[in-house]
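Before any comments, here is the structure.
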Amino acid sequence: MDALARNPAKAWMQVDALIAAKRAKEYDAAVTLLEDLYALAARDDDLAGFAVRVGRLREQNTRRPSLIDRFNRAQLP
């Protein structure tokens, strides 16, 4: 968690890159990283900021139902 906290911007870029790969394995990795970013946001009291970013990801990827399904199963905002 501390390593993630040192550079959350890099983690968000990784999420974007994983999603761009358009493969199930990478979608799973992106969701796992988002779960870690959620935990970091909860720790840092920034759940609203996290929700905004995930909301943007949902909007940008509406045509990727398997990704959105993974977001939903992980209960990401």
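Coordinate-derived values only; no laboratory data. Keep in mind that this is a model prediction, so the values were computed, not measured. Here the Cβ is made from the backbone with ideal geometry for all residues, glycine too, and neighbour counts use every protein chain on show.
Every residue in region 42-74 that is of a type in the set (Lys, Arg), more than 15 Å from Ala30 (Cα to Cα) and without any contact (Cβ under 8 Å) to a residue 40 or more places away in the chain, please. Explain how you work it out, then say what you get.
Taking region 42-74 first, the residues of a type in the set (Lys, Arg) are 43, 53, 56, 58, 63-64, 70, 73.
Still in the list and also more than 15 Å from Ala30 (Cα to Cα): 43, 63.
Across region 42-74, the qualifying residue is only Arg63.
When region 40-55 is examined, which residues are found to be out of contact with any helix residue (DSSP H, G or I) (no Cβ under 6 Å at 6 or more places or on another chain) and surrounded by 13 or more Cβ atoms within 10 Å (Cβ to Cβ)? Steps first, answer last, please.
Initially, region 40-55 is screened for residues out of contact with any helix residue (DSSP H, G or I) (no Cβ under 6 Å at 6 or more places or on another chain), giving 42-46, 48-49, 51-55.
Asp46, Ala51, Arg53, Val54, listed by residue number.
Can you pull out every residue in region 18-41 that is farther than 16 Å from Ala3 by Cα and free of Cβ contacts under 8 Å to residues at least 12 places away in the same chain?
Ala20, Ala21, Arg23, Lys25, Glu26, Ala29, listed by residue number.
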Quiz item: When you go through Arg63, Arg58 one by one, which is the residue that is among the charged types (D, E, K, R) and surrounded by 12 or more Cβ atoms within 10 Å (Cβ to Cβ)?
Solution: Arg58
Self-check item: In region 41-62, the residues that are β-branched (Val, Ile, Thr) and part of a helix (DSSP H, G or I)
Solution: Val52, Val54
